[in-house]
1. What distance in nm separates the two pseudo spin-label positions at residue 118 and residue 154, each 7 Å out from Cα along the beta-carbon direction?
2. Where does the chain land at 222 nm, in deg cm²/dmol rounded to the nearest 500, when only DSSP H runs of n ≥ 4 count, each adding -39500 (n - 2.57), divided by all residues?
3. Mean shadow of segment 91-148, computed from the convex hull of its alpha carbons, in nm²?
4. When 23, 110, 61 are ordered from fewest to most other Cβ atoms inside 10 Å of their Cβ, what list results?
5. Once the convex hull of the C-alpha atoms of segment 73-120 is built, how many Å³ does it hold per residue, rounded to a whole number?
6. Using Cβ counts within 10 Å as a stand-in for footprinting exposure, how do 99, 88, 1, 17 rank, fewest first?
7. So for segment 1-84, considering every pair of alpha-carbon atoms, how many percent are separated by more than 21 Å?
8. Compute the normalised compactness of the chain: alpha-carbon radius of gyration over 2.2 N^0.38 Å, N being the residue count.
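Just so it is clear, none of the values below were taken in a lab; they were calculated from the coordinates. Remember, it's a predicted structure, so these values are computed and weren't measured experimentally. Reconstructed Cβ throughout: ideal geometry from the backbone, glycine too, with neighbour counts over all protein chains shown.
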Ligand code: 4NP
């Protein structure tokens, strides 16, 4: 089983959206039994909360389930447990690398780094911008490229 953990700051806007969209893409390729998907936040402010209203609206419109998804905080153990830790922006990457200390961080990547021709390197935080549409387009593209990369790497 290949495991993928999406990480953002609060785990209510971007990373749950990525988790749900990626899981849906993988399922459509018949890979649901082969890839385990989760998400977590750098901060603990929203632990136990469902996705943000803006993220819920996007997922509902796309017909993608977010049932049972509740925010949690990323832990040091996650860094060892997941094959792919996929963060939304450079700040998240910095926080995760600090958490890892001297341990290997080669499994920590930024989502849009998988999109070779992307104009943006970071997925902007819609908690502050309010632009969930732009975020959903970036995340969808990022997830498609990430899945293709994992399929190639893991021969799925
Ligand atoms: P996210 O957005 O990282 O995409 O979930 C945020 C949600 C909450 C906060 C910051 C960003 N917050 O500071 O509470």
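1. Taking the simple label geometry, residue 118 and residue 154 are separated by 1.9 nm.
2. Working: 6 runs with 69 residues, N = 156.
Counting only the DSSP helices, I get -13500 deg cm²/dmol.
3. The Cα convex hull of segment 91-148, projected and averaged over all directions, gives 4.6 nm².
4. 61, 110, 23
5. Numbers: hull volume 3.6 nm³, N = 48.
Taking only Cα atoms, segment 73-120 has a hull volume of 75 Å³ per residue.
6. Least crowded to most crowded, the residues run 1, 99, 88, 17.
7. I get 26 percent for the Cα pairs in segment 1-84 exceeding 21 Å.
8. Values: Rg = 14.2 Å, N = 156, 2.2 N^0.38 = 15.0 Å.
Ratio of Cα Rg to 2.2 N^0.38 Å: 0.95.
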